[in-house]
Amino acid sequence: MTAFDQQWLGDLGAARPDPGGGAATAAALALAAALTGMVARYAPDCDESRAIAARAEAVQEEATELIDADARASARFAEAFRLPENTRVERRHRDAAIERAVEVAHARVSECRAAARRLLPDLDRLEVIGNAAVRADVGVAAELTGAVIRASEITAAATLAAGGGDRNDTDASS
């Protein structure tokens with residue numbers, strides 16, 4: 001996935017279900033992780049900075065996968081809502097499909113939020129050990145990470161509401 005090519009951005013801006021907010025949130029996570037890795041690589045070469053860079057790279061890879069996974073989940077969600085609901089059997093089938101789609105979409109959002117939270121301790125540590133020349137990048141990565149966490153919570157609540165769910169699990173459950 002080439003996240004920021006014109007096609008992807010055009011698709012994001014189109015009136016269609018995917019990619020959407022979840023994919024955009026995962027893309028922001030990939031940016032935050034990439035910046036975290038960059039700052040770690042500018043830090044003095046030691047086991048700690050190498051470990052931070054490796055963890056950031058793992059989050060970046062996970063985020064990239066989540067961009068595509070969210071697009072698939074969004075498409076499945078939209079398909080479920082398009083199912084007919086003229087008969088009792090159709091309504092039950094549609095409701096079950098929506099519930100499954102909500103579960104899948106919610107899982108992707110939870111994974112994104114959890115991955116973002118894993119960056120926070122390393123960003124805190126880079127404030128201390130990082131190269132002063134790229135300290136602003138730590139701040140940008142931290143702001144992006146915070147935005148990812150908040151956006152994940154918004155998306156989780158909206159996904160559950162759209163599916164008729166009343167679960168309130170946008171907190172630290174993941």
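The values are calculated or read from the model by the stated rules, or taken from the named source; none is laboratory data. Remember, it's a predicted structure, so these values are computed and weren't measured experimentally. Glycine gets a Cβ as well: all are built from the backbone with ideal geometry, and neighbour counts include every protein chain shown.
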Inset, instruction - Starting from region 134-153, keep only residues that are touching a residue at least 40 places away in the same chain (Cβ under 8 Å), then list their pairs with residues that are surrounded by 15 or more Cβ atoms within 10 Å (Cβ to Cβ) and outside any helix (DSSP H, G or I) whose Cβ atoms are within a distance under 8 Å, requiring at least 6 positions of separation or different chains. - result: VAL138/GLY130; SER152/THR170; GLU153/THR170
Legend entry - Residue count, region 58-83 (criterion: without any contact (Cβ under 8 Å) to a residue 24 or more places away in the chain and of a type in the set (D, E, K, R)): 4
Legend entry - Answer residue from region 72-108, given it is in contact with a Gly (Cβ under 8 Å, 6 or more places away or on another chain) and aliphatic (A, V, I, L, M) and is farthest from TRP8 (Cα to Cα) among those: ILE98
Inset, instruction - Name the residue, out of ALA156, ALA116, ALA147, that is modelled with pLDDT of 95 or more, under 12 Å from the mean Cα position of the chain (by Cα) and buried (at least 19 other Cβ atoms within 10 Å of the Cβ). - result: ALA116
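What about ALA40, is it over 16 Å from the mean Cα position of the chain (by Cα) and closer than 25 Å to VAL134 by Cα? Explain how you work it out, then say what you get.
Details: over 16 Å from the mean Cα position of the chain (by Cα): yes; closer than 25 Å to VAL134 by Cα: yes.
Spelling it out, ALA40 is indeed over 16 Å from the mean Cα position of the chain (by Cα) and closer than 25 Å to VAL134 by Cα.
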Legend entry - Filtered residue count, region 6-55, keeping only those that are surrounded by fewer than 15 Cβ atoms within 10 Å (Cβ to Cβ) and under 28 Å from ALA156 (Cβ atoms): 7
Inset, instruction - Within region 56-70, track down each residue that is crowded, with 21+ Cβ neighbours inside 10 Å and under 10 Å from the mean Cα position of the chain (by Cα). - result: ALA63, LEU66, ILE67, ASP70
